[in-house]
Each structure stands twice: as C-alpha cells, then as structure tokens.
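Here's the structure, in structure tokens; my notes come after.
The values are calculated or read from the model by the stated rules, or taken from the named source; none is laboratory data. Please read all numbers here as calculations on a predicted model, not as lab measurements. No Cβ is skipped: glycine too gets one built from the backbone with ideal geometry, and neighbour counts run over all protein chains shown.
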Ligand code: PEP
Ligand code: MN
C-alpha cells in the first residue's frame, strides 16, 4: 500500500476502538493479520464501484436497497442455509420490485457477518460473552470463549466459500457486514491502482454499528477513508447535529449513495425521532440512502428468557419510517432486516403467529432473533405497498409463500 495511505490507516486505527476482543496473545494476532494480507481479495474494487452506482440510484430516489440475512453467520452454516437465505432475499426483492415499480438492490448480510458487538462482556452464566464465530465459540465452555485469532483465518475461508456458492444463481447479491473487528478488516484494505482509492475488500458494503460509532473512534475514522459504500446505524440517542456530522464526515465530497444512514429507533420512537434527523442531513446537502432497520430497536426478552422481537413491532417501525419520509417528501431508500430462509421460531407473531411457548420449537440464532421466510415475505409485501408509487394492485393481502 502506498505510504500516504498506510499512514492515514495507521492514524485512523490508533484511535480508541470499541468492542475489540481481549485477544490473549497480540503477537499471534499480528501474524494472522500478516497472513490475511497475503490472500487475494474477497471482493474487487470493480464490484464495489458497481454497488456504489446502485446505492447512488437509491439515494436519488430511483431504487431501493434491501439488505439482510443472519444476525450472526456461523462457520458451520450449511449450503442449504446459505441458499435459503439468498433465495429469500431475492424473493423479497422480487416482491418489492413488483409492488413498488422500483429496482431493488439486494445486499446480503453474507460472507463476513461473523463479528458481534455485545452490550456486556459476560453472558448470563458469567462466562466471557460470545462475540461471533470470528472471535470465539457460542458453546458455553470457558475454554471455547477465549478469543482465538486463528478464527479470523477460518472466517476468511468461510467467506470465500460462501462467495463461491453465490456465484451464478445469486451473482446479483452484494455482500455486507458490520466492519467491527479491525484486526480482520485492516489486512484486507487495498488501494486500487486504477483510481488510487482505498477499498475494504472483505465485502462490498460495510457498516458501523450502534455501539462503535464514536466520533473520535477508530471505526468512523477508518470508514471515512474507504471508497466502499458505507452505512452507519443510528439509534434513538442520535441528535440531529450528530446525524449531520456523520453525513459530513462519512460523505466529505457529497457523493450520492456513498453513505447509508440506517435508522433503528424502535417502533415507539421512529415517528418522533427521525424527522429532525432527515431534515438536519438534508441541510448538509448530502444525498444519503435513508434505510430502516426495524429489528434492532425492538428486541426484548420473552418470559422464557428468549431474545425475541414481535412481528407487529417490526411492521409498525417500518410503517412509521415510510410515513416520516412521505410527510417530508424524502425518499425511503431501503430496509435492513435479520431473516433466514429456515423455518425458525425466533420472532413472535407473523402470518403463522409464532407464540411465546412456540419460540423454543426452533430457536437457532446464536445472537439476535431472525424473521423466518414467511415473516420476511409478509414484510416484503408490506414494503412493496408502502413504497408503491401508485397504489399496489396486490391489495388483497395475499402473499404466496414457498
Ligand atoms: C446488528 O446489526 O446485528 C447490530 C448489532 O445492530 P446495531 O449495531 O444496530 O445494534
Ligand atoms: Mn443483530
């Protein structure tokens, strides 16, 4: 990497970084990072630029981005699981396109969504918390919870295998994950000689999570340097001034589609909190993609102790998001969801009404609860109607499930 770039990257990464694992052996982390830097890139600058052109269309109101997949991908995911998630994403995209008349840009939480930010450093059993397969194992065993840098190599290998599987039938799907684990992202930074820009080559789209968006932190500083389309999650604590500052920092040249602001307010807050943020960002002159994540502000724990979300809350936040944009005349540019093609019972309600006692039937997520395919497609149907330029012809409420 040219010296001026490596100096900028070093300066960004010298800032405080939240949510990094307590690696027991920093020497081993350095050798793993050095090895990762020798591997061919997972995605290419050319593919990243192609996505940038599509997010630019979404920012201008000419397309919608549909982003989603597992909360936490795991190394033992089967081919069927990956196919199921990718198929569900494309089915949802087809439903949304059919109803809205707008092209849909499918972006998977795929081939790299292995690192998880956590609210507490210990779990309910008092063990070091599970931080995603890229760091430690979900099994409740103290030895398995010790962060192991070799897992970053396994993550890279699994990401490559997932990408290989997506070629062909799923070639239209771009990949994304939270750019959380800096020791994994750093060795995958590359400057493209054709344009002299810096790319994160671990995925096409990278986002900053709610817990790592400190203005003086390493995650924002690194994202600032990238030519990828980048996102940032905005929870209910975000002030209009802060949203405007993110827009200026993360989209310094005011390029449409460079930045995606992912609102995750909670169903009770979105209608009150979002309008002032949209206004403040518009006042900066930036054309961002405004995206709704109706999942992460609506998480609760069931009576039986399952982390869950109610389909109705998810639907309500989505509706609130579209109402806000309709009232302001701004474009609701996309939706970010956690779902799977598997018939899991992790979120309550939906077409076949998953109940509290029913959660234990098939609860498989190692982190947050996902919509199953039926719930996801019902939501896609709603998105299609909400984003329809004229009222949708599919007003009978019927959705065809697989
Ligand atoms: C996530 O997307 O899984 C996540 C942790 O989201 P957030 O940063 O919005 O809490
Ligand atoms: Mn999640």
Legend entry - residue 324 away from ligand 2 (no atom under 16 Å from the Cβ), in a helix (DSSP H, G or I) and in contact with a strand residue (DSSP E or B) (Cβ under 7 Å, 6 or more places away or on another chain): no
Inset, instruction - Report, by residue number, each residue of region 56-76 that is in contact with a helix residue (DSSP H, G or I) (Cβ under 9 Å, 6 or more places away or on another chain) and under 12 Å from residue 109 (Cβ atoms). - result: 66, 67, 68, 69, 70, 73
Inset, instruction - Please determine, by comparing only the residues of region 270-296 that are within 15 Å of ligand 2 (Cβ to nearest atom) and over 15 Å from residue 232 (Cβ atoms), which one is surrounded by the fewest Cβ atoms within 10 Å (Cβ to Cβ). - result: 295
Legend entry - Hits in region 274-297 - residues which are touching a helix residue (DSSP H, G or I) at 6+ places or on another chain (Cβ under 6 Å) and over 23 Å from residue 205 (Cβ atoms): 275, 276, 280
Inset, instruction - Taking only region 331-347 into account, find how many residues are surrounded by 18 or more Cβ atoms within 10 Å (Cβ to Cβ) and part of a loop (DSSP other than H, G, I, E, B). - result: 8
Legend entry - Residue among 354, 288 that alone is more than 16 Å from ligand 1 (Cβ to nearest atom) and touching a residue at least 60 places away in the same chain (Cβ under 8 Å): 288
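Being away from ligand 1 (no atom under 16 Å from the Cβ) and surrounded by fewer than 21 Cβ atoms within 10 Å (Cβ to Cβ): is that true of residue 240 here? Outline the logic, then answer.
Details: away from ligand 1 (no atom under 16 Å from the Cβ): yes; surrounded by fewer than 21 Cβ atoms within 10 Å (Cβ to Cβ): yes.
Taking the combined requirement at face value, the residue satisfies it.
Return the total of residues in region 257-273 being closer than 23 Å to residue 204 by Cα, assigned to a loop (DSSP other than H, G, I, E, B) and within 13 Å of ligand 1 (Cβ to nearest atom).
Within region 257-273, the subset closer than 23 Å to residue 204 by Cα is 257-264.
Of the ones still in play, those that are also assigned to a loop (DSSP other than H, G, I, E, B) are 257-258, 264.
When the remaining residues are screened for being within 13 Å of ligand 1 (Cβ to nearest atom), the result is 264.
Number satisfying all stated conditions: 1.
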Inset, instruction - Consider residue 135 carefully, then state whether it is over 30 Å from residue 382 (Cα atoms), away from ligand 2 (no atom under 15 Å from the Cβ) and either in contact (Cβ under 8 Å) with a residue 12 or more places away in the chain or touching a helix residue (DSSP H, G or I) at 6+ places or on another chain (Cβ under 9 Å) (or both). - result: yes
Legend entry - Filtered residue count, region 228-256, keeping only those that are touching a strand residue (DSSP E or B) at 6+ places or on another chain (Cβ under 6 Å) and closer than 26 Å to residue 192 by Cβ: 8
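For region 216-223, indicate whether the set of residues that are crowded, with 16+ Cβ neighbours inside 10 Å, within 21 Å of residue 180 (Cβ to Cβ) and within 16 Å of ligand 2 (Cβ to nearest atom) is non-empty.
Restricting attention to region 216-223, the residues satisfying the condition of being crowded, with 16+ Cβ neighbours inside 10 Å are 217-223.
Now drop any that are not within 21 Å of residue 180 (Cβ to Cβ), which leaves 217-223.
Now narrow it down to the ones that are within 16 Å of ligand 2 (Cβ to nearest atom): none.
Checked against the condition, which is being crowded, with 16+ Cβ neighbours inside 10 Å, within 21 Å of residue 180 (Cβ to Cβ) and within 16 Å of ligand 2 (Cβ to nearest atom), region 216-223 yields no hits at all.
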Legend entry - For residue 27: the one exception among (1) in a loop (DSSP other than H, G, I, E, B); (2) more than 22 Å from residue 260 (Cα to Cα); (3) out of contact with any strand residue (DSSP E or B) (no Cβ under 8 Å at 6 or more places or on another chain): (1)
Inset, instruction - All but one of (1) under 22 Å from residue 64 (Cβ atoms); (2) part of a loop (DSSP other than H, G, I, E, B); (3) over 20 Å from the mean Cα position of the chain (by Cα) hold for residue 305, so report the exception by its number. - result: (1)
Legend entry - Residue identified as in a loop (DSSP other than H, G, I, E, B) and within 16 Å of ligand 1 (Cβ to nearest atom) among 313, 368: 368
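Yes or no: region 236-253 includes at least one residue that is at pLDDT 95 or above, within 22 Å of residue 114 (Cβ to Cβ) and out of contact with any helix residue (DSSP H, G or I) (no Cβ under 8 Å at 6 or more places or on another chain). Show your work before the answer.
Of all residues in region 236-253, those at pLDDT 95 or above come to 236-253.
Then drop every residue that is not within 22 Å of residue 114 (Cβ to Cβ), which leaves none.
The answer is no, given that none of the residues of region 236-253 is at pLDDT 95 or above, within 22 Å of residue 114 (Cβ to Cβ) and out of contact with any helix residue (DSSP H, G or I) (no Cβ under 8 Å at 6 or more places or on another chain).
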Inset, instruction - Inspect all residues belonging to region 247-256 and state whether any of them is within 16 Å of ligand 2 (Cβ to nearest atom), free of Cβ contacts under 8 Å to residues at least 60 places away in the same chain and in a helix (DSSP H, G or I). - result: no
